[in-house]
Amino acid sequence: MVLLGHSMGAVVAYETARLLEGRGVPVRHLYASGARAPQLARPDDGQDTSAMDDDAIADALLALGGTDAALLADPDFRELVLPYVCADFRMFDRYVHRPEPLLGCPVTAIAGDADPQVDAGHAAAWSAVTSGPFRHHTVPGGHFYLADRPPFGPLTAEVPGAD
């Protein structure tokens with residue numbers, strides 16, 4: 001099993017890997033993308049995201065990039081998406097990292113060179129969560145570097161028998 005998590009999802013993937021390894025399920029690799037290491041997961045900026053209103057959440061999403069400003073201006077989109085984003089922020093604000101047990105699987109941390117939330121040091125700190133091999137890659141782009149510069153062109157598929 002290989003796990004990949006991006007942003008908050010990287011910490012979810014990390015905790016999943018710890019749980020699986022603790023139950024004897026081998027994890028072949030953890031890829032942590034666009035995320036601070038779990039022990040640094042929350043910026044120490046004093047910002048309480050649970051107290052943020054919808055406009056502040058929308059501003060935070062815009063600052064990270066990857067979310068279209070026109071979508072965030074659409075009231076229907078905001079009504080549909082912002083409750084989930086707010087819930088994610090509240091959950092992440094309550095996350096407390098436990099330093100043990102270390103993972104045994106290899107960990108690769110990937111971060112964009114223009115990510116406003118995750119610098120090379122934040123990503124490199126993932127090395128402290130594993131006793132296995134560690135690699136760190138910096139790639140061009142911001143927090144959503146995969147959207148900035150997708151690794152593949154448009155996907156096309158021919159469907160047999162389709163006209």
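The values are calculated or read from the model by the stated rules, or taken from the named source; none is laboratory data. Bear in mind the structure is a predicted one, so any value in this text is a computation, not a measurement. We place every Cβ from the backbone using ideal geometry, glycine too, and count neighbours over all the protein chains shown. When the accessible area is computed, the model is the full protein with side chains, heavy atoms only, and any ligands, DNA or RNA have been set aside. Shrake-Rupley method; radii C 1.70, N 1.55, O 1.52, S 1.80 Å.
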What pairs come out if I take residues in region 103-127 that are closer than 14 Å to Val11 by Cα and pair them with residues that are aliphatic (A, V, I, L, M) and open to solvent by 10 Å² or more (accessible area, probe 1.4 Å) whose C-beta lies under 6 Å away, six or more apart or interchain? His122/Leu40; Ala125/Leu40
Filtered residues of region 70-108 (kept if loosely packed, with under 12 Cβ neighbours inside 10 Å and basic (Lys, Arg)): Arg94, Arg98
Could you say whether any residue in region 55-73 is at pLDDT 90 or above and of a type in the set (A, V, I, L, M)? no
Close pairs from region 133-147: first in contact (Cβ under 8 Å) with a residue 60 or more places away in the chain and under 25 Å from Val27 (Cα atoms), partner open to solvent by less than 60 Å² (accessible area, probe 1.4 Å) and hydroxyl-bearing (Ser, Thr, Tyr), Cβ under 9 Å, at least 6 apart: Leu146/Ser33
Within region 135-150, tally of residues that are crowded, with 16+ Cβ neighbours inside 10 Å and touching a Pro at 6+ places or on another chain (Cβ under 8 Å): 2
Residues (assigned to a loop (DSSP other than H, G, I, E, B), modelled with pLDDT under 95 and surrounded by fewer than 17 Cβ atoms within 10 Å (Cβ to Cβ)) located in region 117-134: Asp119
